[in-house]
Amino acid sequence: MTETLIQCIFCEEKAVIKVHGLADIEEMNCPNCGRYLITYESRHNLPSDICEKFANSRNILAGVIRERFELHLDEQAIMEENFESLIHSVTLPTTMRQRLDKLILYFYRKSETFFKATAYDYYPAIGYAKDHDELKQMIKLLKEEGYLESVTSLQYFVLSFKGIEKAEELLTKPIISTQSFVAMWLDKEIEGVFENYMCPAIEGKTLDGILLEGEKHFKPLKIDNIDFNSDIVDNIISEIRKSKFLIADFTGNRGGVYFEAGFAQGIGIDVIYTCRKDWFDKIHFDVNHKNYIVWETGEELYDKLIKRISATII
């Protein structure tokens, strides 16, 4: 493994690049963007696209890469094919207030215990800031609003109780979406259950396709319903983040369903757990205590699912 100092393609800071033998994957360690993996080809081809599409918003791009690093989503290598979906794998700030919220969440992630001082990385990407001066002003604003408090050194801060409340409000606020992500076994028999029974329940329709008055109406989305022309994991993460809730059917005991349900729960998205009765005793012990809809027929699943959605999804 060799290390070289080069310019980060996202923020243009000096970054350390580690080349792993003959592999096409390179590891970049940028003080501003954090760690990310990228293919050799993409490192050379992406800069022209970045300059064209993000000429006036390089700070947003650097912020995305940094946030993915902070959220431990940096193991997926950046490629030209998955670049667009990667950008949308986190919620992009579109206002100045939202960039301040991102900075509050950064300090919240760094807080291990109540009111313990946190040394922050003095780089703009932690708050999607354009430069160091803007980051200073953002921190000053958070202090003036009572979200941050200084502790001895200029680079040590602590989230106030108001700051903790704000961060947890941001993490748990209701998602405005009409999409329901469905994680399930990609099996022909189960596909029929999805099309004929799950979809009508999610859409708030009768089994004959008639819209039901008084029921909630959502749009079902399943992994193979998406046109995947880029990295599949980035797309899954992006679509789950955009969903109001997730339905995880554990029939077939598929590993992907565990991942998708766990990720959704981890970011505060409601999960409805379902499983066909003959597979229920095969569910892993760490999730078998959830409030499952256990079903034997499609009709039974439809009845229970439409009631659960009506009762629990706000």
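Taking each residue as 0.36 nm, the span from Ile232 to Glu84 lengthens on full extension beyond its C-alpha to C-alpha distance by 52.0 nm. Site pair Asp187 and Arg109 shows an inter-label distance of 3.7 nm when each label is modelled 7 Å from Cα along Cα→Cβ. Against the main long axis of the alpha-carbon atoms of the chain, helix 161-172 sits at an angle near 40°. Applying a threshold of 18 Å to the alpha-carbon distances of Lys188/Lys222; Lys136/Lys166; Lys219/Lys244; Lys205/Lys304 flags Lys136/Lys166 as lying beyond it. Of all DSSP bridge pairs formed entirely within segment 179-312, close to 5 percent run antiparallel.
In this structure, the amide hydrogen of Phe250, modeled 1.01 Å from its nitrogen in the peptide plane, lies closer than 5 angstrom to those of Thr274, Cys275, Arg276, counting only residues at least 5 positions away or on a different chain. Listed by chain and number, the aspartates and glutamates whose alpha-carbon sits under 12 Å from that of Lys143, ignoring those within fewer than 8 places in the same chain, form an empty set. Pairs of alpha carbons in segment 2-87 separated by more than 20 Å make up 24% of all such pairs.
What does the net charge come to around Asp278 if you take all other residues with beta carbon closer than 14 Å to its beta carbon, with K and R at +1 and D and E at -1?
Numbers: positive: Arg276, Lys277, Lys282; negative: Asp187, Glu189, Asp249, Asp281, Glu296, Glu300.
Counting the neighbours of Asp278, the net charge comes to -3.
Remark: segment 90-105, residue by residue, has Karplus-estimated 3J(HN,Hα) of 10, 6, 7, x, 10, 10, 5, 4, 5, 5, 5, 4, 4, 5, 4, 5 Hz, where x stands for each Gly or Pro and the curve is 6.51 cos²θ - 1.76 cosθ + 1.60 at θ = phi - 60°. Global dimensions of the chain from alpha-carbon coordinates: Rg and Dmax equal 22.3, 67 Å. Nearest-5 percent of antiparallel DSSP beta bridges in the chain? In the chain, approximately 60 percent of DSSP beta bridges are antiparallel ones. Placing a label point 7 Å from the Cα of Asp224 along the Cα-to-Cβ direction, the residues of segment 244-287 whose backbone N falls under 16 Å from that point are 249-257.
Amide H to amide H distances under 5 Å link Gln179 with Lys219, Lys244, where only residues 5 or more positions off or on other chains count and H is placed in the peptide plane.
Taking the inverse of the average 1/r across all pairs of different Cα atoms in segment 96-172, what Kirkwood radius in Å do you get? Spell out each step's value before the answer.
Numbers: mean 1/r = 0.0822 Å⁻¹.
Taking the inverse mean of 1/r over all distinct Cα pairs, segment 96-172 comes out at 12.2 Å.
Counted residue by residue at 0.36 nm each, then reduced by the alpha carbon distance between them, the extension gain from Glu169 to Glu52 reaches 38.5 nm. List the residues whose amide H sits under 5 Å from the amide H of Lys205, counting only those 5 or more places along or on another chain, with H placed 1.01 Å from N in the peptide plane. Amide H neighbours of Lys205, under 5 Å, 5+ apart: Leu212.
For Trp185, Trp279, which order do you get if you count the other beta carbons within 10 Å of each Cβ and list the fewest first?
Working: Trp185 19, Trp279 15.
In increasing order of surrounding Cβ atoms, one gets Trp279, Trp185.
With a Förster radius of 30 Å applied to the beta-carbon distance between Arg43 and Phe280, the computed FRET efficiency rounds to 0.05.
With the simple model of a label 7 Å out from the Cα in the direction of the Cβ, Leu207 to Lys162 spans 5.7 nm.
From least to most packed, judged by other beta carbons within 10 angstrom and beginning with the fewest, Glu169, Glu81 follow the order Glu169, Glu81.
Spin-label model, Asn288 to Lys140: label points 7 Å out along the Cα-to-beta-carbon direction sit 5.9 nm apart.
Values quoted throughout were computed directly from the atomic coordinates according to the rules given, and no laboratory measurement underlies them. Here the structure is a predicted model, which means the values were calculated and not measured. Methodologically, a virtual Cβ is constructed for each residue, glycine included, from the backbone with ideal geometry; neighbour enumeration extends over all protein chains shown.
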